[in-house]
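J.: Please see the structure below; I have some questions.
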Amino acid sequence: MVESSWEHAELVTRLGRRSGVPVTVAVHSRTLGPAAGGIRLKQYPSWQDGQLDALRLAKGMTYKNAVAGVPFGGGKSVISVPSSVPLTASLRADALADLGELIVTFDGSYLAGPDIGTSPSDMAYLRRFTDHVFCLPESAGGTGSSSGPTASGVLAALRAGAEAVFGSPSVAGRRVVVVGMGSVGSLLARALADDGASVAVADVDASRCAGYERVPVASAYAMEADVLVPSAIGGVVDASVRAPLVVGPANNQLVHDEVATALAAEGVTWVPDFVASAGGVIYTLTREAEGLDRDAAMARVAAIGDTVTTLLTNAAANGSTPLAEALALAEQRLGALV
């Protein structure tokens, strides 16, 4: 979702003084409040690739938070470990410390949480260097892993999508392909199977697929199925999709935004990822920043289903796409405070 023109509020990339690894914080918008977004720690071919990822993900967080109705802007951190450098425990700790020192310089205008490659325990470690992190372990006074609420939000979005596409929110008897069996994907696969779906899974790690029909990652996105659930990397969903409903937690799923129009033309309903995957952000921020209890926060997560219903209804009525309607809703909320 990053365009060629500059639209971000702030971008800082620094070579970590301990780790020698580039660490980046990208802030897309603070219109709704302090920027909030997770820390991605992974290996990249170049630091420029990590920086581009941070820019793209920060923009996605702006729209995710706006559509979710939480009073935060969009930001993201990326620790870009070179592909040729082994990610040892000591390097990991040093890189997190380097990022913590960078986050401090934002003076609370950027709040960080876990993302791919980081966890609540990493957030507890970062508290040694900055107070501006969330989603700490419950034992440290935080809300713990956001994987469960994220999966709950995706399920709410999926059921709303199923109601619109199939006439029923039930997945019983439906063939569902889950691509990516990480912390959220594995929860989704289990919940969908428990609800009576025929679940096939794809992951580069065969051990994560135990107990399910395993399909190749390379062909999973174009398989015949009722529902496709992208739960791994982004930038992979294109017009070759054959499932009539696509809902998943992976960020930036589309190869490019124009794919949304192509999918709609083929009769495929794609629920925008920044809508479907907002459960973890909603739960964590409403509890840690707004002080809601667990039940109230989970009710806000469940409301993702209502949002999806509204977006799909409006897209059908306006002859547009769910992506166009989601972006319009986000822009409306952002514009109201400009």
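The values are calculated or read from the model by the stated rules, or taken from the named source; none is laboratory data. Only a predicted model underlies this, so the values are computations on that prediction, with no experimental measurement involved. Note that each Cβ is placed from the backbone with ideal geometry, even for glycine, and that neighbours are counted across all protein chains shown.
J.: Right, V81: touching a residue at least 60 places away in the same chain (Cβ under 8 Å) and either on the phi > 0 side of the Ramachandran plot or assigned to a loop (DSSP other than H, G, I, E, B) (or both) or not? So that I can check it myself, show each step before the final result.
T.: Numbers: touching a residue at least 60 places away in the same chain (Cβ under 8 Å): yes; either on the phi > 0 side of the Ramachandran plot or assigned to a loop (DSSP other than H, G, I, E, B) (or both): no.
So V81 fails the test.
J.: Check whether at least one residue in segment 209-221 is touching a residue at least 24 places away in the same chain (Cβ under 8 Å), under 22 Å from T269 (Cβ atoms) and in contact with a helix residue (DSSP H, G or I) (Cβ under 6 Å, 6 or more places away or on another chain), and report yes or no.
T.: no
J.: Hey, any hits in segment 102-114 for a residue that's aromatic (F, W, Y) and either over 27 Å from S46 (Cβ atoms) or in a helix (DSSP H, G or I) (or both)? Talk me through it step by step, then tell me what you get.
T.: Just the residues of segment 102-114 that are aromatic (F, W, Y), to begin with: 106, 110.
From what is left, the residues that are either over 27 Å from S46 (Cβ atoms) or in a helix (DSSP H, G or I) (or both) are none.
Checked segment 102-114: no residue is aromatic (F, W, Y) and either over 27 Å from S46 (Cβ atoms) or in a helix (DSSP H, G or I) (or both).
Let's see how each residue does on (1) assigned by TED's automatic domain parsing to the domain that holds G267; (2) touching a Leu at 6+ places or on another chain (Cβ under 8 Å); (3) charged (D, E, K, R):
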{"site": "S109", "(1), (2), (3)": "no, no, no"}
{"site": "A112", "(1), (2), (3)": "no, yes, no"}
{"site": "G117", "(1), (2), (3)": "no, yes, no"}
{"site": "Y125", "(1), (2), (3)": "no, yes, no"}
{"site": "L155", "(1), (2), (3)": "yes, yes, no"}
{"site": "A160", "(1), (2), (3)": "yes, yes, no"}
{"site": "E163", "(1), (2), (3)": "yes, no, yes"}
{"site": "G167", "(1), (2), (3)": "yes, no, no"}
{"site": "S170", "(1), (2), (3)": "yes, no, no"}
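J.: Could you list, in sequence order, all residues of segment 143-167 that are over 16 Å from P114 (Cβ atoms) and either in contact with a Lys or Arg (Cβ under 9 Å, 6 or more places away or on another chain) or charged (D, E, K, R) (or both)?
T.: Within segment 143-167, R159, A162, E163, F166 qualify.
J.: Which members of segment 217-235 meet the condition of being within 27 Å of V281 (Cα to Cα) and crowded, with 18+ Cβ neighbours inside 10 Å?
T.: Y221, V227, L228, V229, P230, S231, A232, G234
J.: Does any residue of segment 151-167 turn out to be more than 30 Å from G291 (Cα to Cα) and free of Cβ contacts under 8 Å to residues at least 12 places away in the same chain?
T.: To start, the set of residues in segment 151-167 that are more than 30 Å from G291 (Cα to Cα) comprises 161-167.
Of the ones still in play, those that are also free of Cβ contacts under 8 Å to residues at least 12 places away in the same chain are 167.
Yes, some residue in segment 151-167 is more than 30 Å from G291 (Cα to Cα) and free of Cβ contacts under 8 Å to residues at least 12 places away in the same chain.
J.: Please go through (1) outside any helix (DSSP H, G or I); (2) without any contact (Cβ under 8 Å) to a residue 12 or more places away in the chain for N252 and return the number of the only condition it doesn't satisfy.
T.: All conditions pass for N252, except number (2).
J.: Among the helices (runs of 4 or more DSSP H) confined wholly to segment 282-338, which include 3 or more residues that are modelled with pLDDT under 95? Spell out how you get there, then give the answer.
T.: Values: elements: 294-302, 304-318, 322-335.
Correct list: 322-335.
J.: Kindly check whether there is at least one residue in segment 39-51 that is within 19 Å of L136 (Cα to Cα), touching a strand residue (DSSP E or B) at 6+ places or on another chain (Cβ under 8 Å) and buried (at least 24 other Cβ atoms within 10 Å of the Cβ).
T.: In the first step, residues of segment 39-51 are kept if they are within 19 Å of L136 (Cα to Cα); the result is 39-41.
Filter once more, so that each one left must be touching a strand residue (DSSP E or B) at 6+ places or on another chain (Cβ under 8 Å): 39-41.
Still in the running and buried (at least 24 other Cβ atoms within 10 Å of the Cβ): 39, 41.
Within segment 39-51 (the criterion being within 19 Å of L136 (Cα to Cα), touching a strand residue (DSSP E or B) at 6+ places or on another chain (Cβ under 8 Å) and buried (at least 24 other Cβ atoms within 10 Å of the Cβ)), the answer is yes, since at least one residue qualifies.
J.: Let me ask something additional. Which residue, of G74, G142, G117, G69, is closer than 29 Å to G335 by Cβ, small (G, A, S) and in contact (Cβ under 8 Å) with a residue 60 or more places away in the chain? Lay out the reasoning, then the answer.
T.: Values: G74 fails: in contact (Cβ under 8 Å) with a residue 60 or more places away in the chain; G142 fails: closer than 29 Å to G335 by Cβ; G117 fails: closer than 29 Å to G335 by Cβ.
The conditions single out G69.
J.: For segment 94-118, give me the residue count where each residue is touching a helix residue (DSSP H, G or I) at 6+ places or on another chain (Cβ under 7 Å) and over 22 Å from E288 (Cβ atoms).
T.: To start, the set of residues in segment 94-118 that are touching a helix residue (DSSP H, G or I) at 6+ places or on another chain (Cβ under 7 Å) comprises 96, 100, 110, 112-114.
Subsequent filtering for residues that are over 22 Å from E288 (Cβ atoms) retains none.
Qualifying residue count, segment 94-118: 0.
J.: Name the single residue, out of those in segment 298-320 being of a type in the set (S, T, Y) and under 20 Å from the mean Cα position of the chain (by Cα), that is farthest from S146 (Cα to Cα).
T.: First, the residues of segment 298-320 that are of a type in the set (S, T, Y): 307, 309-310, 313, 320.
With the extra rule that they be under 20 Å from the mean Cα position of the chain (by Cα), the set shrinks to 307, 309.
Numbers: T307: 20, T309: 24 Å.
Of everything passing the filter in segment 298-320, T309 is farthest from S146 (Cα to Cα).
J.: Is it fair to say L136 is farther than 30 Å from T105 by Cα, among the hydrophobic types (A, V, I, L, M, F, W, C) and buried (at least 19 other Cβ atoms within 10 Å of the Cβ)?
T.: On the way: farther than 30 Å from T105 by Cα: no; among the hydrophobic types (A, V, I, L, M, F, W, C): yes; buried (at least 19 other Cβ atoms within 10 Å of the Cβ): yes.
For L136, the condition - farther than 30 Å from T105 by Cα, among the hydrophobic types (A, V, I, L, M, F, W, C) and buried (at least 19 other Cβ atoms within 10 Å of the Cβ) - is not met.
J.: Which of the following residues is in contact with a helix residue (DSSP H, G or I) (Cβ under 6 Å, 6 or more places away or on another chain) and among the aliphatic types (A, V, I, L, M): V133, V165? Even if it seems obvious, please write down each step before you answer.
T.: Details: V165 fails: in contact with a helix residue (DSSP H, G or I) (Cβ under 6 Å, 6 or more places away or on another chain).
Criteria check complete, one pass: V133.
J.: Could you run through segment 251-274 and say how many residues are surrounded by 24 or more Cβ atoms within 10 Å (Cβ to Cβ) and either under 9 Å from the mean Cα position of the chain (by Cα) or of a type in the set (F, W, Y) (or both)?
T.: Number of matching residues: 4.
Rundown of residues vs (1) surrounded by 23 or more Cβ atoms within 10 Å (Cβ to Cβ); (2) under 19 Å from the mean Cα position of the chain (by Cα); (3) not in a helix (DSSP H, G or I), yes/no style:
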residue	(1), (2), (3)
L11	no, no, yes
G37	yes, yes, yes
D53	yes, yes, no
A66	yes, yes, no
D94	no, no, no
